[in-house]
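What follows is calculated from the coordinates using simple rules that are stated; it is not laboratory data. These numbers come from a predicted model, not from an experiment. Glycine also receives a Cβ, built like all others from the backbone with ideal geometry; neighbour counts cover every protein chain displayed.
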């Protein structure tokens, strides 16, 4: 009996060990299964998180892409009844269809809801990491309101999508008015001039002349920047930087400026003004031979003189000056619109203007055959059309006396001043933008003589290459909030409104 009892006690202990081992195995198996499930869940979460990041990246990449397309988009002159969104859509569709991996005809114009038309750009693929799934973006453009457009970009990574949006204003491209001087020819600035804005030249023929030739006097300054459309390498190829004198001016130099100052003859149509200047010139007072310019004349004219006095000026209202008149107006007061046909070399001496001076548009710039010369004291207090004082495309426009002798003239101009080339000398205040728009491709051997000239004299350096004297006071103050004048074609442009950016999961 003792033997059997002993074996029973051993059997009891052995059974307990087996049960304990099984229980431990169950616990370990449960832990292993829990860890496996947790690890699988974490891997799944990590994969989803990666796709969320990829979708957000795709959406933001798509926004950058669309922003580049839209911000670089300009439209021609739009009639009042034009659907601006349709014009944007047509222009954008033409640039995207068949490019960036999109098949021809894939960009669509959706008018299924006539009250809310929209442009739909289908998926554009992006490179993506392995296992992230296909990554792409698409976008939709529609009206936000009458004057703005809403861009919505959706980024995709596999099944995950994220959305970003931004609003764009649609308005006239008036960036030229932010310049103190915008010039297709080169710019030459000398002496004590105060330029309270940017200088920009779109000149590219650096082997013949530097785009910007700036050497100011002790009281001269450019408070804005000095800009070229050239890259730094192209600008420096012929040492153009050597013509910008002084460290302070060098620090203001900027490259790769967009060429929105590059106007051409086709951008102007001034014919509507002729119907506003309905009166013929009265009989002239006398004729007299006169050379142009006054210093070393290159051409002589038998001019017709219209003469008043300082206390009793001759008043001319809404007049048209026919081609070939070559008049000299002295102590005259111009009211209303003054329209000057192409093919005129006109002198205004000690004249005042209460309205704009508008010219016809010659096909090419010629500094003698199409010229306006404002000598003596000139006052243009333009209450008729304040946004434009002188609109003279392809005319040679001179304000201030050619000769530095005396240096006594005083001139004031308000509004944009457009010429083929504009020269400002002596004492002058320009409350607006100077725009020189002449294409000088037809001029070669003497090109160094041509440029938008601020503050030096015809009888000194421009012809002879001599030393440059400091001028009297010239001040140029741009008016960027002004509208562009009638007759100057403008483009519409889209500009993003930064604080309208938003993001969300796809709805």
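Counted by neighbouring Cβ atoms within 10 Å, the residues 107, 418 run from fewest to most as 107, 418.
Give, to the nearest whole percent, the P(r) tail of region 164-279 beyond 21 angstrom, counting all Cα pairs. Roughly 47 percent, once rounded to a whole number. Rg over Rh for region 234-307 works out to 1.22, both radii taken from alpha-carbon positions and Rh defined as the Kirkwood radius. Evaluated at 37 °C with a viscosity of 0.692 mPa s, what Stokes-Einstein diffusion coefficient in µm²/s does region 343-399 have when Rh comes from the Kirkwood expression over alpha-carbon pairs? Once the numbers are plugged in, D ends up at 280 µm²/s. Evaluated at q = 0.07, 0.12 Å⁻¹, a Debye calculation over the C-alpha positions of region 175-476 (equal weights, vacuum) places log10 I(q)/I(0) at -0.24, -0.73. With Cα atoms defining each centre, region 82-118 and region 293-313 are spaced 58 Å apart in the structure. Give the residues of region 382-402 whose amide nitrogen is closer than 19 Å to a point set 7 Å from the Cα of residue 318 in the direction of its Cβ. Zone members listed by number: 382-386. For residue 113 and residue 86, the FRET efficiency from 1/(1 + (r/R0)^6), where r spans their Cβ atoms and R0 equals 22 Å, is about 0.90.
Modelled spin-label separation between residue 495 and residue 242, with each label point placed 7 Å from Cα along the Cα-to-Cβ direction: 4.0 nm. Label sites at residue 381 and residue 364, each approximated as a point 7 angstrom past Cα along Cα to Cβ, lie 4.2 nm apart. Counting neighbouring beta carbons within 10 Å and listing from fewest to most, the residues 229, 390 come out as 229, 390.
For Cα pairs less than 8 Å apart in space and 6+ apart in sequence, what is the mean separation divided by the residue count of region 175-476, i.e. the relative contact order in percent? Worked out over region 175-476, it gives 18 percent. Calculated on the alpha-carbon coordinates, the convex hull of region 272-390 measures out at 105 cubic angstrom per residue. Computed over Cα pairs, the Kirkwood radius of region 162-218 leads via Stokes-Einstein (1.567 mPa s, 4 °C) to a diffusion coefficient of 91 µm² per second. Return, ordered by residue number, the residues of region 421-446 whose backbone nitrogen is under 14 Å from a label point located 7 Å along Cα→Cβ of residue 410. Those under the cut-off are 427-429.
A protection proxy built from the mean count of other Cβ atoms within 10 Å ranks the segments 281-289, 179-187, 337-345, 257-265, most packed first, as 179-187, 337-345, 257-265, 281-289.
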